[in-house]
Amino acid sequence: MRAIFRRFVSAIWKALASRVTMTSVKLLIPLLLLSPVRVFAEQDYVGRFDIYNGFAWFDSPSANLTERGYHLQAGVNVRTWLAAGFDFSVVQGNVTLVPQLLNPALQSQIGGQLAALQGAGLLPAGYRVAVGTSSTTQTFAAGPQWEYRHFRRVTFFAHPSIGAIHESATPHASDPLTAGLVRQLAPSGVIKDWEPFYGLGGGFELRVLRHGTVRIQADYVHNDLFPNLLKGPRNTVRLSVGPAIQFGKNVTR
């Protein structure tokens with residue numbers, strides 16, 4: 001089990017390293033070297049409670065959607081190696097909906113409409129359908145987290161990512177044709193959906209104070225938002241960074 005955990009932590013570390021800039025690394029190295037001897041000692045304080053607030057970045061490549069926003073976590077350290085808690089994030093972004101992102105039935109329907117309009121000479125040459133859409137995504141999750149506290153100033157952790165995701169999308173028409181498509185796809189002007197998601201997550205936190213840390217983490221999740229609209233499910237990566245505080249009775253085992 002320990003070998004599996006270490007391999008998972010290594011994979012998360014590599015994923016994070018691909019996103020961290022050299023400037024970030026240069027800022028973190030001096031912090032790690034503040035106590036070069038004590039950094040490898042066991043941690044002498046693990047607070048019973050933990051609260052994290054940070055910046056979140058979502059990337060859903062199959063939907064051409066990138067979003068940014070807020071991330072909150074609240075947890076209880078049941079043991080020094082096991083925690084349980086709640087996770088919430090809310091992010092916003094913009095995407096351009098094109099026929100290639102839609103499911104086959106809608107692609108065929110829109111293609112037929114375009115062919116009829118082009119045949120009647122009602123569309124300019126080279127016309128391409130594109131509908132700008134603003135999106136707000138919320139995630140809700142709860143569950144266990146396994147923590148590795150061998151080092152005094154650095155804690156590695158991993159957790160399953162299981163929960164529910166809610167997305168609200170507002171398409172914006174740019175011409176009479178896209179106005180008709182918007183009325184067709186979103187009669188109320190807004191499209192909303194709730195779906196379950198699952199995946200894996202983890203990362204590390206750097207202790208800068210007895211009760212304070214800087215946390216960097218990543219989650220990889222799978223979901224199937226708007227199945228009646230979009231082409232297939234999507235995989236989403238969430239990166240998050242921010243401060244966390246621990247407080248309460250010291251958990252010693």
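Among the residues of region 112-135, those that are crowded, with 17+ Cβ neighbours inside 10 Å and of a type in the set (S, T, N, Q) comprise Thr133, Ser135.
Annotation: of all residues in region 148-201 being in contact with a Leu (Cβ under 7 Å, 6 or more places away or on another chain) and among the charged types (D, E, K, R), the one that is farthest from Ala218 (Cα to Cα) is Asp193. Per this entry, Gln145 is not counted among residues that are polar (S, T, N, Q), without any contact (Cβ under 8 Å) to a residue 12 or more places away in the chain and either part of a strand (DSSP E or B) or on the phi < 0 side of the Ramachandran plot (or both).
For Val129, the conditions (1) part of a loop (DSSP other than H, G, I, E, B); (2) under 15 Å from Leu229 (Cα atoms) all hold with the exception of (2). When Thr236 is tested against the conditions (1) surrounded by fewer than 20 Cβ atoms within 10 Å (Cβ to Cβ); (2) over 27 Å from Phe49 (Cβ atoms), the lone failure is (1). Remark: Ala179 matches the filter, which requires a residue to be modelled with pLDDT under 95, surrounded by 14 or more Cβ atoms within 10 Å (Cβ to Cβ) and either out of contact with any strand residue (DSSP E or B) (no Cβ under 6 Å at 6 or more places or on another chain) or within 24 Å of Thr80 (Cβ to Cβ) (or both). Every test in (1) in contact with a Lys or Arg (Cβ under 9 Å, 6 or more places away or on another chain); (2) assigned to a helix (DSSP H, G or I) is passed by Thr178 save one, and that test is (1).
Just a yes or no: is a residue in region 137-152 within 15 Å of Leu230 (Cβ to Cβ) and either at pLDDT 90 or above or surrounded by 18 or more Cβ atoms within 10 Å (Cβ to Cβ) (or both)? Yes. Taken over region 81-115, the criterion of being modelled with pLDDT under 95 and either among the aliphatic types (A, V, I, L, M) or touching an Asp or Glu at 6+ places or on another chain (Cβ under 7 Å) (or both) is satisfied by Val95, Leu97, Val98, Leu101, Leu102, Ala105, Leu106, Ile110, Leu114, Ala115. Put simply, of Lys192, Lys249 the only residue that is closer than 23 Å to Gln92 by Cβ, surrounded by fewer than 17 Cβ atoms within 10 Å (Cβ to Cβ), out of contact with any Asp or Glu (no Cβ under 6 Å at 6 or more places or on another chain) and not hydroxyl-bearing (Ser, Thr, Tyr) is Lys192.
Residue-wise test of (1) over 19 Å from the mean Cα position of the chain (by Cα); (2) part of a loop (DSSP other than H, G, I, E, B); (3) aliphatic (A, V, I, L, M); (4) modelled with pLDDT of 95 or more.
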position: Val214; (1), (2), (3), (4): no, no, yes, yes
position: Ala218; (1), (2), (3), (4): no, no, yes, yes
position: Asn228; (1), (2), (3), (4): yes, yes, no, no
position: Ser240; (1), (2), (3), (4): no, no, no, yes
position: Arg253; (1), (2), (3), (4): yes, yes, no, no
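The values are calculated or read from the model by the stated rules, or taken from the named source; none is laboratory data. The shown structure was predicted, so the numbers you read here are calculated from the model rather than taken from an experiment. All Cβ positions, glycine included, derive from the backbone under ideal geometry; neighbour counts span all protein chains shown.
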